[in-house]
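Asks: Encoded as structure tokens, here's the structure I'll be asking about.
Computed from the coordinates by the stated procedures, all read-outs in this text should not be read as laboratory data. Computed from a predicted model, the values in this text were never measured in an experiment. Neighbour counts run over all protein chains shown; Cβ positions are idealised from the backbone, glycine included.
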Amino acid sequence: MHCLAAQHSALEQIQARVGTFWSRSPLNHLANDTDERAWDEPLFGVAAGNDPLFAKIKADIGPFYWLPEEAFALAFPQAPATADELSVLVWILPQTAATRADQKLATDFPAERWARSRDFGEKFNLALRRHLAETLTAAGHPSVAPELLPQFSRQTSERFGIASNWSERHTAHIAGLGTFGLSDGLITARGKAVRIGSLITRQRLPATPRTYTGHTDWCLWYAQGICGVCMRRCPVRTITPSGHDKNACFRYIRDVTTPYVQKTFGTDFTPCGLCQVDIPCEDRNPVVRRKSG
Ligand code: SF4
Ligand code: SF4
């Protein structure tokens, strides 16, 4: 009991640290004339390092996919940890109403605010990963953000095609933060117009309960056989009743939207996200809304 209270207290402190960084970091902005924040207030979840879903996802994606203890050992080869000793922190950064409103008007190319969130907003997300890893490690809990490891890369999964060796979306799903939609995006309590960050830390923290049983429970298409609006939002129709064609999506982003934002807004990275707005799951879990409405 005492131990559990200490874990809850440690988690509250970490959440407060994330909240302070979100509210005070000068990096949480879109670097535009209005000086507005890049992200709304984060959601937060925790997965136990030994959650069996990690091994299930590795079995599905392929042997190159990291378990928490495997990613941790790459960062701390002299002091590896067992899965039981680890927790995985996950945060969701929701797009602001202004960014979503702009993106709703876009049909073929991402809006400027969206492009800026992909560039400057993700720089904030990178800084948050580093900040948490450094402060928790300095406090005696060695921590690593897998996306910051030099070995983090894209590989090819026999079953799923292009796949990274650490998926923050899948990790957020394990940490109770949402389920997948027809377009592959994660539908969270703040919808699908979000970005995600994660960190593995050597300490036991209370895991966030999953309020779903299936990995697509919050998508209207899979849960109730209706909707499919995201299919119409994709300008190159890479979302179909059979799911999301990752390769075609990747090609559109690489060949069309990335050069477009570089030339038009001077921003970097790989934005699109047209299928993340103007849809019932844009900023909420649509299954909950339908039940309560
Ligand atoms: S828009 Fe509809 S079908 Fe597409 S992911 Fe959201 S709920 Fe599912
Ligand atoms: S991110 Fe991919 S699936 Fe979504 S709208 Fe763009 S090209 Fe289509």
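Asks: Fewest first, what order do T257, T34, T171 take by the number of other Cβ atoms within 10 Å? Before the final figure, lay out the partial values.
Replies: Numbers: T257 22, T34 9, T171 27.
Arranged by neighbour count, lowest to highest, T257, T34, T171 become T34, T257, T171.
Asks: Tell me whether the stretch 201-293 comes out rounded, prolate or oblate; compute the Cα gyration tensor, take square roots of the eigenvalues as a ≥ b ≥ c, and use a/c under 1.5 as the rounded threshold. Present the calculation step by step, with values, prior to reporting the outcome.
Replies: On the way: a/c = 2.21, a/b = 1.38, b/c = 1.60.
Because a/c hits 1.5 or more and a/b fails to exceed b/c, the stretch 201-293 counts as oblate.
Asks: Same structure again: Quick one: length gained pulling R254 to Q15 fully straight, 0.36 nm per residue minus the C-alpha distance? Don't jump to the answer; show the numbers that get you there.
Replies: Working: separation 239, 0.36 × 239 = 86.04 nm, distance 3.53 nm.
Once the chain is fully extended between R254 and Q15, it gains 82.5 nm.
Asks: How far apart, in nm, are the 7 Å Cα→Cβ label points at E158 and E134?
Replies: Those two pseudo-labels are separated by 4.3 nm.
Asks: If you don't mind, another one. Could you run the Karplus curve 6.51 cos²θ - 1.76 cosθ + 1.60 with θ = phi - 60° over the stretch 276-282 and give me ³J(HN,Hα) per residue in whole Hz, x for Gly and Pro?
Replies: Those phi angles translate into 9, 10, 6, 9, x, 9, 4 Hz.
Asks: List the residues, sorted by chain then number, that are 5 or more residues from R284 or on another chain and whose placed amide H is less than 5 Å from its amide H.
Replies: G191, K192
Asks: Moving on. For the pairs K104/K263; K104/K246; K56/K104, flag any whose C-alpha to C-alpha distance is greater than 28 Å. Numbers along the way, then the final one.
Replies: Details: K104/K263 21 Å; K104/K246 22 Å; K56/K104 36 Å.
Distance filter (> 28 Å) returns K56/K104.
Asks: Turning to a different aspect of this structure: What whole-number value in cubic angstrom gives the convex hull volume per residue for the C-alpha atoms of the stretch 3-48? Write out the running numbers ahead of the final one.
Replies: On the way: hull volume 3.2 nm³, N = 46.
Per-residue hull volume (Cα only) is 70 Å³.
Asks: Any chance you could give the angle, 0 to 90 degrees and rounded to 10, that helix 52-61 forms with the longest Cα principal axis of the chain?
Replies: 50 degrees
Asks: Using the count of nearby Cβ atoms within 10 Å as a rough guide to exposure, how do R233, R284 rank from fewest to most?
Replies: Working: R233 20, R284 16.
So the residues, fewest neighbours to most, are R284, R233.
Asks: Provide L53, L205, L182, L105 in ascending order of the number of other Cβ atoms located within 10 Å of each residue's Cβ, fewest first. Don't jump to the answer; show the numbers that get you there.
Replies: Numbers: L53 16, L205 21, L182 25, L105 9.
Ascending Cβ contact count within 10 Å gives the list L105, L53, L205, L182.
Asks: Give me the distance in nm between label points sitting 7 Å out from Cα along the Cα-to-Cβ direction at S23 and Q262, one decimal.
Replies: 4.0 nm
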